[in-house]
Structure formats: structure tokens, C-alpha cells
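The values are calculated or read from the model by the stated rules, or taken from the named source; none is laboratory data. In this text the structure is predicted, and so the values were computed from the model without any measurement. Cβ coordinates were reconstructed from backbone atoms using ideal geometry, including for glycine residues, and neighbour counts include every protein chain displayed.
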Amino acid sequence: MSSTLFIHHSHFDQHSVPPSHPESPLRSLAVETRLRQTGLWQDLDIKLAYPVSKELFKLVHKPGYIDQLYQISPNKGMILADPDTPLTFDTLSATEEAAGSGIQAIDQVVSGEYRNAFCAIRPPGHHALPNKTMGFCFVNNIALAAEHALTKPGINKVLIFDFDVHQGNGTIEIFKNRDDVMVISSFQHPYFPYSHFNVKADNIINIPIEAETASTQYRRLVESTFIKATSNFKPDLILLSAGFDAHTDDPMGELDLIEDDYSWLTKLSMSLANDYSQGRIVSMLEGGYNLEALANSAHAHIQTLLNK
């Protein structure tokens with residue numbers, strides 16, 4: 001079995017946004033730059049994402065919503081798909097590669113070619129609802145990866161753990177009341193998106209965290225719930241919605257995690273994957289908007305996936 005698979009876009013600047021927008025092309029470049037600076041880049045198996053057809057998006061989104069996205073996509077310049085979410089001339093090609101990276105990672109991890117994979121992609125996906133954009137997200141990358149995984153022999157149950165500072169409301173909406181997908185989301189509360197924290201479904205585990213919570217308390221709140229839910233569910237594969245905006249330096253949230261907390265989250269996920277899922281993990285980038293904190297946190301996460 002080879003090393004950790006790292007998938008990224010063919011062009012780091014795909015999906016251009018206004019200079020003031022936090023979901024910047026500099027995010028993925030920052031992650032890559034830090035990996036190169038430390039030499040970890042050489043330890044990864046690097047591959048470019050391949051695009052998927054918009055028809056595949058309809059596995060997790062309403063067909064009319066996807067068709068409308070393509071109809072309103074501008075040939076040049078930018079429009080707003082919603083007040084937070086700019087849709088530019090190159091957004092949908094980036095989205096096709098972002099979603100495609102998850103499909104690609106699932107194929108290669110489930111086949112046993114890699115033990116785990118990290119997809120350094122944008123735009124993110126976990127706020128994308130079945131029928132609308134939200135919070136910088138167009139297509140729910142992790143949900144599409146989960147649906148694809150369930151078509152694979154031996155993958156009957158998938159667990160998604162979302163540790164972004166914002167709740168993965170789109171992922172929850174797509175999968176609530178399913179018996180083949182469990183969604184666990186730790187998030188600052190009360191906070192954006194203010195929507196799915198009261199969902200009553202056996203397969204949805206919300207872990208609300210108060211603002212200014214730091215490492216020790218965060219770990220205490222997450223650990224027992226994550227372990228108990230995973231041991232009850234016994235997934236064949238674990239997917240991670242890897243948002244790094246709960247870092248204490250991130251401007252988008254008010255939690256106080258540090259790089260070591262992301263190493264800890266990764267180790268815990270890997271331990272549970274070893275117990276129930278043959279070690280199989282696919283991680284996909286969500287949030288993280290302070291470039292230095294994002295680069296350091298993603299580096300800690302990837303270094304742990306590599307067991308370095």
C-alpha cells in the first residue's frame with residue numbers, strides 16, 4: 001500500500017473571487033507552499049483532480065438546481081449566487097474538479113492503493129443544500145463522495161465527521177434519516193448557519209461548542225461522542241470535512257483550537273478507522289481563512305495522515 005494521496009486542482013487560482021473575499025485562491029496555495037517548505041510534499045503521492053460531469057451532482061442535489069447553476073454561470077466576470085457566494089466564469093470548472101477529487105480519492109482508497117487521502121480543493125461544499133448555494137459552497141463535495149463510496153463493493157456504511165467551525169448543515173440535510181450514512185458535526189454554537197442544530201435523527205450527531213472553547217474542553221466534548229457513535233455505527237469508511245477555521249487565529253470563528261488539536265482529531269479518526277474501516281479515510285478541505293493558520297493546521301493534519 002502506497003503513501004497518502006494528495007489531490008489538488010490543475011490550477012491553484014481556479015474559482016477567482018473578489019480580492020476581499022475570504023474564500024481566496026491563496027488558501028490552497030498556502031497549504032501547498034507549507035508542505036513544500038517542510039519537505040512533506042515529497043512524501044505525498046500528488047495527483048491532479050479530474051473533473052466530473054454536472055449530471056453526477058444530481059446524485060445529491062435537485063436536478064433543477066444544478067441546471068440553473070449552469071444557466072446563470074457568467075461567461076466572464078462575476079455574479080452573486082447568494083450574498084456570500086460569488087459565481088464567476090471559472091467557478092463551475094473548479095467545482096467539477098473539487099467534486100471529482102472526492103470520487104477519485106474514494107476509488108483509490110477503497111481499492112487499497114492508498115490508506116488515506118487529502119483533497120486540497122475549493123470551493124468548499126458542506127453548506128451546499130440539495131437546492132441552493134450557501135456559505136461559499138455550490139456542490140456538496142463530501143456528500144457526493146459518500147454516495148459514490150456506497151456504490152463500491154464492501155462499503156455499506158459511511159461516516160462523515162465534520163470539524164469545521166461551522167456546522168455542516170448541507171451534509172446533514174442531504175443525509176438525515178439515512179441508515180447507511182452517519183454525520184457527526186462539531187461546530188461553534190450559536191453561529192452560522194443557525195439551522196440544523198436541532199435535527200432529530202438517529203444518524204445525525206451534533207456536537208455544539210460554545211465560543212472561546214479551547215483544546216482541553218473541546219477534546220472532552222468531542223472524544224466520547226465521536227468514539228461512541230462510531231463504535232455503534234461501525235462504518236466501512238470514514239470521510240472528514242476538514243475545516244480549519246476553528247483555529248484560534250481564524251477570523252471566521254471564535255473557537256480557540258491550535259495545530260496540535262488537528263493532529264489529535266486526525267489521530268482519533270485514524271484510530272477509529274483502524275478499528276472499523278480498515279484504516280480507510282478520505283479528507284476534504286472545507287474552511288480555514290487565516291492563511292498561516294490554515295497552512296499550519298492542514299500540515300499537521302496531513303503529517304498525521306502520513307504517520308510522520
Inset, instruction - Scan the range 38-52 and give yes if some residue there is at pLDDT 95 or above, over 24 Å from residue 281 (Cβ atoms) and more than 20 Å from the chain's Cα centre (by Cα), otherwise no. - result: no
Inset, instruction - Check the range 161-175 and report whether any residue there is over 24 Å from residue 298 (Cβ atoms), out of contact with any strand residue (DSSP E or B) (no Cβ under 7 Å at 6 or more places or on another chain) and touching a residue at least 12 places away in the same chain (Cβ under 8 Å). - result: yes
Legend entry - Residues of the range 238-261 satisfying the condition of being within 14 Å of residue 284 (Cα to Cα) and either outside any loop (DSSP other than H, G, I, E, B) or aromatic (Phe, Trp, Tyr) (or both): 238, 239, 240, 241, 242, 244
Legend entry - Considering residues of the range 1-37 that are modelled with pLDDT of 95 or more, of a type in the set (D, E, K, R) and under 22 Å from residue 251 (Cβ atoms) only, the residue surrounded by the most Cβ atoms within 10 Å (Cβ to Cβ): 27
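From the list 228, 308, pick out the single residue that is over 18 Å from the mean Cα position of the chain (by Cα), surrounded by fewer than 21 Cβ atoms within 10 Å (Cβ to Cβ) and modelled with pLDDT under 95.
Values: 228 fails: modelled with pLDDT under 95.
Just one listed residue meets the conditions, 308.
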Legend entry - Cβ-Cβ under 9 Å pairs, at least 6 apart or on other chains, the range 282-304 side assigned to a strand (DSSP E or B), far side aromatic (Phe, Trp, Tyr): 282/118; 283/118; 284/118; 285/118; 285/244
Inset, instruction - For the range 1-90, please list each of the helices (runs of 4 or more DSSP H) lying entirely inside it that holds at least 1 residues being more than 30 Å from residue 114 (Cα to Cα) and free of Cβ contacts under 8 Å to residues at least 40 places away in the same chain. - result: 63-72
Inset, instruction - Tell me which residues, restricted to the range 198-231, are under 18 Å from residue 172 (Cβ atoms), free of Cβ contacts under 8 Å to residues at least 60 places away in the same chain and of a type in the set (S, T, N, Q). - result: 198, 203, 206, 225
Inset, instruction - Restrict the check to the range 112-130 and report whether at least one residue is under 21 Å from residue 47 (Cα atoms), surrounded by fewer than 24 Cβ atoms within 10 Å (Cβ to Cβ), out of contact with any Leu (no Cβ under 7 Å at 6 or more places or on another chain) and free of Cβ contacts under 8 Å to residues at least 60 places away in the same chain. - result: no
Inset, instruction - Name every residue in the range 208-222 that is surrounded by fewer than 20 Cβ atoms within 10 Å (Cβ to Cβ) and in contact with a Phe, Trp or Tyr (Cβ under 9 Å, 6 or more places away or on another chain), in order of residue number. - result: 208, 211, 215, 219
